[in-house]
1. Taking A:Glu162 as the residue in question, decide whether it is open to solvent by 50 Å² or more (accessible area, probe 1.4 Å), in a strand (DSSP E or B) and closer than 26 Å to B:Ile4 by Cβ.
2. Conditions first: (1) within 30 Å of A:Leu78 (Cβ to Cβ); (2) at pLDDT below 95; (3) more than 14 Å from chain A (Cβ to nearest Cβ). B:Met1 passes all but one, so which condition is the exception?
3. Scan segment B:2-25 for residues that are under 19 Å from B:Asp73 (Cα atoms) and either away from the ligand (no atom under 16 Å from the Cβ) or in contact (Cβ under 8 Å) with a residue 60 or more places away in the chain (or both) and jot them down.
4. Can you tell me which condition B:Leu16 does not meet? The list is (1) more than 15 Å from the chain's Cα centre (by Cα); (2) open to solvent by less than 80 Å² (accessible area, probe 1.4 Å); (3) modelled with pLDDT of 95 or more, and all the others hold.
5. So A:Leu8 passes all but one of these: (1) within 14 Å of chain B (Cβ to nearest Cβ); (2) open to solvent by 20 Å² or more (accessible area, probe 1.4 Å). Which condition number does it fail?
6. With the structure loaded, tell me whether B:Phe68 is over 21 Å from A:Leu72 (Cβ atoms), open to solvent by less than 40 Å² (accessible area, probe 1.4 Å) and within 15 Å of the ligand (Cβ to nearest atom) or whether it fails that test.
7. Do you know which residues across segment B:33-60 are in a loop (DSSP other than H, G, I, E, B) and either in contact (Cβ under 8 Å) with a residue 40 or more places away in the chain or within 16 Å of the ligand (Cβ to nearest atom) (or both)?
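The values are calculated or read from the model by the stated rules, or taken from the named source; none is laboratory data. Note that the structure is a prediction, hence the values are computed from the model and not measured. Cβ placement follows ideal geometry from the backbone for every residue including glycine, while neighbour counts extend to all protein chains displayed. Just so you know, the surface numbers come from the protein's heavy atoms only, side chains and all, with ligands and any DNA or RNA stripped out. Shrake-Rupley method; radii C 1.70, N 1.55, O 1.52, S 1.80 Å.
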Amino acid sequence: MARSNEALRRPALEGRAASHAWVSVTPAAPASRLSLRTPADSVGAVSKALGFALPQKPKTSAQKNGRAALWLGPDEWLVIDESGSEISPALGKVKAFHSAVDVSHRNVGIVVSGPGAEATIAAGCPQDILLATFPVGACSRTVLGKIEIVLWRTGDTTFRVECWRSFSDYAFTFLSEAARDAAV
Amino acid sequence: MLLIRCPYCEEERPELEFRHAGEAHLVRPGNIAEMSDEDFEGFFFIRQNPKGLVYERWRHVHGCARFFNAVRDTVSDKFVTTYKAGEKKPVIKGAAE
Ligand SMILES: [Zn+2]
């Protein structure tokens with residue numbers, strides 16, 4: 001048997017899934033993530049390095065080629081890249097003042113999908129997440145039950161919940177339980 | 001649930017996302033080392049705490065994470081207005097100076 005010197009990488013929610021008639025709750029694929037802080041006069045240079053313009057409006061996101069930037073605050077974004085490429089090298093060359101911290105392994109993503117997704121999230125999130133007020137592409141840092149999350153609507157009936165790794169068991173269990181009750 | 005308008009998120013958000021952060025518009029003294037103990041006590045500990053309209057700092061801690069200011073009625077818990085940190089203190093009828 002071949003021996004490997006590489007550390008075994010085990011996703012926090014490995015093997016877990018919850019599927020019900022109206023909604024499914026599944027762990028998102030591993031992704032590269034950045035916590036990005038950028039003052040207004042650096043936004044242009046940072047956007048160029050990322051490959052698309054950072055969204056400026058509250059509660060909005062932008063994406064291109066599997067890489068997305070979620071507006072979290074007036075100078076703060078969460079960048080998620082699911083294309084398999086690292087984000088940091090591109091930003092390393094940017095001279096403009098900014099801060100980019102790799103948080104790929106700090107966060108865990110959970111995908112909630114199906115006609116009951118809205119009801120499932122609403123079981124623990126106090127924000128108004130109806131399609132009219134929280135349209136596709138909308139994103140926000142908020143709360144779910146007793147933890148902080150970043151909520152991102154990726155489709156009419158699909159949400160991505162990002163939480164910190166140590167809270168992922170709580171988040172997943174909470175969403176799974178909520179999904180059982182989510183009738184449309 | 002109480003809704004609070006965040007001036008940075010530009011919309012009303014549930015109170016669970018916010019945290020109270022004390023009296024607003026306190027001016028930090030230029031040279032704390034040279035202050036008398038009495039003056040320092042006044043700056044550091046003594047607050048107005050009036051009944052009625054108060055100027056307060058709030059933080060949208062589970063949202064955009066920004067600090068901002070608010071005018072709130074401590075009797076009714078009604079928010080009269082909220083505004084960005086650094087903006088001028090609004091004149092509100094009935095509020096303590
Ligand atoms: Zn806010």
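1. Values: open to solvent by 50 Å² or more (accessible area, probe 1.4 Å): no; in a strand (DSSP E or B): yes; closer than 26 Å to B:Ile4 by Cβ: yes.
Considered against the rule, which asks whether it is open to solvent by 50 Å² or more (accessible area, probe 1.4 Å), in a strand (DSSP E or B) and closer than 26 Å to B:Ile4 by Cβ, A:Glu162 comes out as no.
2. Every listed condition holds for B:Met1 apart from (3).
3. At the first step, the residues of segment B:2-25 found to be under 19 Å from B:Asp73 (Cα atoms) are B:2-7, B:12-16, B:18-25.
Of everything in segment B:2-25, those that are under 19 Å from B:Asp73 (Cα atoms) and either away from the ligand (no atom under 16 Å from the Cβ) or in contact (Cβ under 8 Å) with a residue 60 or more places away in the chain (or both) turn out to be B:Leu2, B:Ile4, B:Arg5, B:Cys6, B:Pro7, B:Gly22, B:Glu23, B:Ala24, B:His25.
4. (2)
5. All conditions are met except number (1).
6. Working: over 21 Å from A:Leu72 (Cβ atoms): no; open to solvent by less than 40 Å² (accessible area, probe 1.4 Å): yes; within 15 Å of the ligand (Cβ to nearest atom): yes.
For B:Phe68, the condition - over 21 Å from A:Leu72 (Cβ atoms), open to solvent by less than 40 Å² (accessible area, probe 1.4 Å) and within 15 Å of the ligand (Cβ to nearest atom) - is not met.
7. The first filter runs over segment B:33-60 and keeps only residues in a loop (DSSP other than H, G, I, E, B), leaving B:35-36, B:45-52, B:60.
B:Gln48, B:Pro50, B:Gly52, B:His60, listed by residue number.
Yes/no per residue for (1) touching a Leu at 6+ places or on another chain (Cβ under 8 Å); (2) over 22 Å from A:Phe134 (Cβ atoms):
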{"residue": "A:Ala7", "(1), (2)": "no, yes"}
{"residue": "A:Ala28", "(1), (2)": "no, no"}
{"residue": "A:Ser32", "(1), (2)": "no, yes"}
{"residue": "A:Ala53", "(1), (2)": "no, no"}
{"residue": "A:Gly73", "(1), (2)": "no, no"}
{"residue": "A:Glu76", "(1), (2)": "yes, no"}
{"residue": "A:Gly84", "(1), (2)": "no, yes"}
{"residue": "A:Ala90", "(1), (2)": "yes, yes"}
